[in-house]
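Comments concern the structure below.
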Amino acid sequence: MKIHEYQAKAILAKYDVPVPRGGVAFSAEEARAVAEKIGGSVVVKAQIHAGGRGKGGGVKIARDAAEAVALAQKMLGMTLITHQTGPEGRVVKRLLVEETLPIERELYLGIVLDRAQAKPVFMASAAGGVEIEEVAAKSPELILKESFLPGRGLAAFQARKLAFGMGVSADSINSAAQAMTALARAYVAVDASLAEINPFILTKDGKVYALDAKINLDDNALYRHKDLLELRDLNEEDPLEVEASKFGLNYIKLDGNVGCMVNGAGLAMATMDIIQYAGGRPANFLDVGGGATAEQVKNAFRILLSDRNVKAVLINIFGGILRCDRLATGVVDAARDLSIKVPIVVRMEGTNVELGRKILTESGFNFTVAKDMRDAADKVMRLAI
């Protein structure tokens with residue numbers, strides 16, 4: 001689950017990571033109140049779940065509260081387009097108003113799970129303020145790494161090693177190391193899948209701050225954090241993905257025209273690959289799960305077909321817990337209730353496969369039954385044209 005920058009900073013502050021003074025504003029008047037409380041110049045930052053906001057016009061400096069109000073009036077309601085939002089952009093509905101700081105240096109700090117080591121890895125780089133992917137591609141030697149055990153956290157000596165490696169001055173080493181160990185504590189405490197500070201700044205007076213922050217929370221651990229569930233902003237998520245989550249469906253919208261309904265994440269990935277191999281583009285990732293009911297299959301169809309780009313559907317099921325006859329019944333019921341018009345190709349194997357195929361062929365609907373995955377991909381491509 002993604003959260004906004006101001007929410008991430010509130011979490012970091014709770015674990016003693018230094019953050020600038022500021023507050024969230026949902027209106028121009030709220031922006032004025034925050035700016036007046038801070039005093040002097042402030043930064044007005046659009047809050048959306050995407051990077052590159054500055055380049056898109058979503059980060060501006062105001063000299064005083066009056067200018068902050070003017071900027072807030074322009075930003076609130078605007079469609080902000082960045083390299084991460086796509087051409088459709090995101091509508092700005094909230095702002096973060098913060099104090100400006102005298103920046104001396106911009107660094108990068110981040111934590112992700114290294115699956116090869118089965119440990120979190122702390123990354124640090126002197127090349128802050130730019131996309132870390134760009135640094136990794138052009139100058140991977142600039143990224144320093146230290147892995148740690150969640151139960152122990154990032155050790156003080158590891159933090160100091162990273163700070164020295166980034167060239168942090170002697171008078172800022174201790175504060176930088178404390179901020180790094182605090183970031184690691186926050187990452188573990190909230191069950192994050194990503195915790196990133198970019199840039200992590202050194203100021204001219206030797207202090208350190210998380211000038212920007214990004215935290216992604218592990219959905220699988222949210223049952224332990226009921227308070228963090230309140231941070232979810234449904235306005236920032238794809239409506240179809242939100243709808244799918246209500247029915248326990250794993251759905252991610254893509255930009256192709258072949259709808260996919262599959263049980264099992266691995267099979268879903270393979271299905272998208274073979275569609276691509278056949279010359280097509282998948283319109284979605286949709287995993288109905290191993291124990292899907294006929295009702296879930298129907299809801300999956302409804303969500304899948306809500307995407308107007310879908311020109312044909314490929315159903316690829318391995319019948320185990322989800323028997324082929326149960327899937328076929330759900331598909332037929334969905335076709336009847338939803339008045340499905342697009343072509344549907346079905347490839348199924350496993351438990352009760354013959355019964356499932358019989359249900360499909362005798363349904364009265366024009367389903368195309370494929371013998372294997374390659375056959376299914378070729379047939380759905382011809383029908384999607």
Please tell me if I275 is in contact (Cβ under 8 Å) with a residue 12 or more places away in the chain and more than 28 Å from A46 (Cα to Cα).
yes
Out of D333, D307, D287, I need the residue that is acidic (D, E) and surrounded by 20 or more Cβ atoms within 10 Å (Cβ to Cβ). Which one?
D287
How do the pairs read when you match residues in segment 292-312 that are acidic (D, E) with residues anywhere that are at pLDDT below 85 and in a helix (DSSP H, G or I), using Cβ under 7 Å and keeping only pairs 6 or more apart or on different chains?
D307/L240
Filter segment 64-109 down to residues that are within 23 Å of the chain's Cα centre (by Cα) and of a type in the set (K, R) and give me whichever is nearest to P239 (Cα to Cα).
R90
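A quick yes/no check of all residues on (1) small (G, A, S); (2) closer than 16 Å to I132 by Cβ:
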site	(1), (2)
I173	no, no
A186	yes, no
V208	no, no
L211	no, yes
K214	no, yes
H225	no, no
Please find, within segment 165-175, the residue that is farthest from A116 (Cα to Cα) out of those that are part of a helix (DSSP H, G or I) and touching a residue at least 40 places away in the same chain (Cβ under 8 Å).
S175
Identify the residue in segment 111-125 that is free of Cβ contacts under 8 Å to residues at least 40 places away in the same chain, assigned to a strand (DSSP E or B) and of a type in the set (A, V, I, L, M) and, among all such residues, is farthest from D218 (Cα to Cα).
M123
Long-range neighbours under 6 Å by Cβ, at least six apart or interchain, first residue modelled with pLDDT under 95 within segment 1-25, second surrounded by 21 or more Cβ atoms within 10 Å (Cβ to Cβ):
M1/L217
Among the residues that make up segment 155-173, is at least one of them out of contact with any Leu (no Cβ under 6 Å at 6 or more places or on another chain), of a type in the set (G, A, S) and farther than 21 Å from R105 by Cβ?
yes
Looking at (1) touching a residue at least 60 places away in the same chain (Cβ under 8 Å); (2) surrounded by 14 or more Cβ atoms within 10 Å (Cβ to Cβ); (3) farther than 30 Å from Y223 by Cβ; (4) out of contact with any strand residue (DSSP E or B) (no Cβ under 6 Å at 6 or more places or on another chain), find the lone condition where G40 falls short.
(2)
Anything in segment 350-374 that is within 16 Å of V313 (Cβ to Cβ), out of contact with any strand residue (DSSP E or B) (no Cβ under 7 Å at 6 or more places or on another chain) and either surrounded by 13 or more Cβ atoms within 10 Å (Cβ to Cβ) or not polar (S, T, N, Q) (or both)? List them, or say none.
S363, F365
Within segment 352-362, is even one residue at positive phi and either of a type in the set (F, W, Y) or in contact with a Cys (Cβ under 6 Å, 6 or more places away or on another chain) (or both)?
yes
Identity of the residue in segment 85-103, farther than 13 Å from G58 by Cα and modelled with pLDDT under 90, that ends up surrounded by the fewest Cβ atoms within 10 Å (Cβ to Cβ)
P87
Go through the residues of segment 126-139 one by one and say whether even a single one is in contact (Cβ under 8 Å) with a residue 12 or more places away in the chain, over 22 Å from K207 (Cα atoms), among the hydrophobic types (A, V, I, L, M, F, W, C) and in a strand (DSSP E or B).
no
Segment 85-110 residues that are farther than 25 Å from G128 by Cα, paired with ones that are acidic (D, E) and at pLDDT below 95 (beta carbon under 8 Å, 6 or more apart):
R90/E236
Those residues that are within 17 Å of N366 (Cβ to Cβ), out of contact with any helix residue (DSSP H, G or I) (no Cβ under 6 Å at 6 or more places or on another chain) and assigned to a helix (DSSP H, G or I), I need them from segment 286-332; list them, please.
L305, V331, V332
Identity of the residue in segment 200-225, under 19 Å from G22 (Cβ atoms) and under 20 Å from the mean Cα position of the chain (by Cα), that ends up surrounded by the fewest Cβ atoms within 10 Å (Cβ to Cβ)
K214
Of everything in segment 241-252 that's crowded, with 19+ Cβ neighbours inside 10 Å and not aromatic (F, W, Y), which residue is nearest to G86 (Cα to Cα)?
A244
Just one listed residue, out of L162, L154, is outside any loop (DSSP other than H, G, I, E, B) and in contact with a helix residue (DSSP H, G or I) (Cβ under 7 Å, 6 or more places away or on another chain), and it is L162
Those residues of segment 230-261 that are part of a helix (DSSP H, G or I) and in contact (Cβ under 8 Å) with a residue 60 or more places away in the chain come to a total of 4
Subset of segment 18-34 (residues that are outside any loop (DSSP other than H, G, I, E, B) and farther than 24 Å from Q178 by Cβ)
G23, V24, A25, A28, E29, E30, A31, R32, A33, V34
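The values are calculated or read from the model by the stated rules, or taken from the named source; none is laboratory data. Quick caveat, the model's predicted, so the values are computed rather than measured. Note: ideal-geometry Cβ built from the backbone for every residue, glycine included; neighbour counts use all protein chains shown.
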